[in-house]
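A quick write-up on the structure given underneath.
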Amino acid sequence: MLKPATTTSAKEKDRAQPRIDAAMISTLPPNSEKAKRITKAVATFIAKDLRPYSVVDNTGFRYLLKMIDRRYKIPSQSHFTENVIPALYHETKAQIIASMSQASRAAITCDSWTSVKTESYVTITAHYVSKDWQIMSHVLQTRAIYESHTGAHLAELLSRVVEEWQLSDKSVVLVTDNTSNMTVAAQIGKFPHVKCFAHTLNLASQRVLKVATLSRLLGRVRRISTFFHRSTRASHCLKEKQKCLGLKNHKLITDVPTRWNSAYNMVKRFLEQQPAVCATLLSPEVRKGESDLCTLNKTDVSNAEDAVSALKPMKDATMLMSEERNPTVSLIAPLNAQLLQSMTDTMANTPMIHEIKNAIRTDLQKRYNSEAEKKILHTASALDPRFKGLPFILTEEERLEIYKGVTEEAASLEITSWTHDDEDEVEVPRRKETLEEEESSPIQDNHSPSPPKRKRSLLMTLLGQSFNDTEGTIEPKTPYAKAEEEMQKYCKAPPLPLTEDLLNWWREHEVTFPLLSQLSKQYLCIPGTSVSAERVFSTAGDVVTAKRSTLKPEHVDQLVFLQKNLHIPKC
């Protein structure tokens, strides 16, 4: 009777003992190298893919990590918030500061935005040319501002940015929109200031949209576009008409009030689809119930065509200036001059085109009139091998003055370089007598005999007079003479085609023009627009969502910074 009892007890004991495979699985120590790598990878995932911190508590995410490595125990959400992400931020920040320290100059752009939590932020980006002639751009910070956006407050913020990111010796240039507070901030902070050309184009184009004839036309087109967006029956009928007429199946679009080019795109799309739109609006199944909605007449269509034609140069210039891969500050002067010239009224212009050109020209003529700003723009264009001939509205005297300024500034770089070299080599001031002694005898002490005098050789006897005199007449070139020689050679070189990369040209000619190439890095790093700062708004909008509105400003700063700057290898 005791035997069954013994068997049951053995089975219970076996069940109490862990399986061999389960016993062999141990938790990775949090300080182990593999655990650290996985934790850092999770933090990178959160930052680069704009995931909320709470993702580490999601069931599916934890299951994924368990399948990857059962031994890894994921840290808590607060650990990522307070430790891992900040550590990754400081590591990336140190790398960017080290990279920017090698640049000869940096430019910063600045713009503000408002979160869903109705908090005001200012985003600042930095731009410079690397040693291998690549345009480098970084988002430096996104900081909450609780004070009013006055010029004084913004100047203080920008000064702190320059100090925090160790840019004090980089002759920082500020690129902002045309608002008065940014202009005041640049003046108070003593920053060389360039106004965003894309914003300038937007202001001129917004002025055009207020022209009475064009405003009425936009209202009619907007109403038709809105109708097709809210009526499924009309939208379906439009698609059928497009098929019958062989047109591309494109929806009509409506404009965004803050973006002038959206109005341009709306009218352009309407003209492309105008036959199908008119056929749809006149069809009985759509016309029913919409008797007050009328199609555009021939005059309206003609005005729309004139508006698209007149505004196309502005649209193309806006798209060109929105690029970030190539320098754009050198484009401002030639583009602005070309637009002013193309907006000159002629007798052949229709009344619509006349009004549009007059509005644009009047607005553009008010911009870029300060001497300091014109100097930056003209110097940048002169250092662009595509525009070095300065082929825009300038007199010959003005061109020569610009070339002279470029030469003087290039010469000052060598003088500055000499000064820095002397400071590095000479730590303690020495007397003139000591310097003369060191030149005649590099290594001497008080007890060593004076070096023996050299005997006059036969070579010196025969040729010394001629060659010593020749050498004596050759004087070293002054920095200005070197810069002037480079400038003359640079101007005689064939211009670079517009399709070629100007930074690649400077990389190939860096040895030929050592002074001008240094100066080019200081000007071509300046962006012509503040678009880079504005593009952060969409990223910030993905970070500060309605579900994540409780994020602290420092966490917003860290996440936006890492999303834009953290480099990970392609998988």
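Before moving on, here are some points about what is shown:
- Unmet criterion (only one of (1) open to solvent by 70 Å² or more (accessible area, probe 1.4 Å); (2) modelled with pLDDT of 55 or more) for Ile20: (2)
- Per the conditions (1) touching a Ser or Thr at 6+ places or on another chain (Cβ under 6 Å); (2) at positive phi, the sole criterion not satisfied by Thr118 is (1).
- The set of residues in region 95-117 being part of a strand (DSSP E or B), more than 15 Å from the chain's Cα centre (by Cα) and among the hydroxyl-bearing types (Ser, Thr, Tyr) consists of Ser112, Thr114.
- Within region 297-311, residues that are farther than 19 Å from Asn261 by Cα sit with their Cβ atoms under 9 Å from residues that are assigned to a helix (DSSP H, G or I) and not acidic (Asp, Glu), at 6+ positions apart or across chains, in these pairs: Asp300/Arg216; Asp300/Leu217; Asp300/Arg220; Asp300/Val221; Ser302/Met352.
- Some residue of region 507-525 being surrounded by 20 or more Cβ atoms within 10 Å (Cβ to Cβ), part of a helix (DSSP H, G or I) and modelled with pLDDT under 90: no
A quick yes/no check of all residues on (1) touching a strand residue (DSSP E or B) at 6+ places or on another chain (Cβ under 8 Å); (2) modelled with pLDDT under 80; (3) not basic (Lys, Arg):
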| position | (1), (2), (3) |
| --- | --- |
| Ser262 | no, no, yes |
| Lys268 | no, no, no |
| Leu271 | no, no, yes |
| Arg287 | no, yes, no |
| Ala307 | no, no, yes |
| Leu311 | no, no, yes |
| Thr318 | no, no, yes |
| Leu335 | no, no, yes |
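- Elements of type strands (runs of 3 or more DSSP E) contained in region 118-226, each with 3 or more residues being surrounded by fewer than 19 Cβ atoms within 10 Å (Cβ to Cβ) and of a type in the set (Gly, Ala, Ser): none
- Evaluation of Met100 against the conditions (1) out of contact with any Phe, Trp or Tyr (no Cβ under 7 Å at 6 or more places or on another chain); (2) open to solvent by less than 20 Å² (accessible area, probe 1.4 Å) shows that the sole unmet condition is (1).
- Ala155, sole failed condition from (1) more than 21 Å from Leu562 (Cβ to Cβ); (2) in contact (Cβ under 8 Å) with a residue 40 or more places away in the chain: (2)
- Extreme residue, nearest to Leu551 (Cα to Cα), among residues of region 28-45 that are without any contact (Cβ under 8 Å) to a residue 60 or more places away in the chain and open to solvent by less than 50 Å² (accessible area, probe 1.4 Å): Ala43
- Condition met for Tyr89 (open to solvent by less than 50 Å² (accessible area, probe 1.4 Å), modelled with pLDDT under 95 and of a type in the set (Phe, Trp, Tyr)): no
- Considering (1) more than 28 Å from the chain's Cα centre (by Cα); (2) surrounded by fewer than 15 Cβ atoms within 10 Å (Cβ to Cβ), the lone condition that Leu65 does not fulfil carries the number (2).
- Residue in region 249-283 that is most open to solvent (accessible area, probe 1.4 Å), counting only those that are among the basic types (Lys, Arg) and in a helix (DSSP H, G or I): Lys268
- Take the conditions (1) modelled with pLDDT under 95; (2) under 30 Å from the mean Cα position of the chain (by Cα); Ile353 misses just one of them, which is (2).
- Residues (closer than 30 Å to Thr213 by Cα, open to solvent by 30 Å² or more (accessible area, probe 1.4 Å) and of a type in the set (D, E, K, R)) located in region 358-397: Arg361, Lys366, Arg367
The values are calculated or read from the model by the stated rules, or taken from the named source; none is laboratory data. A quick note: this is a predicted structure, and the numbers were derived from the prediction, not measured. We place every Cβ from the backbone using ideal geometry, glycine too, and count neighbours over all the protein chains shown. Protein only, heavy atoms only, side chains kept; ligands, DNA and RNA dropped before computing areas. Shrake-Rupley method; radii C 1.70, N 1.55, O 1.52, S 1.80 Å.
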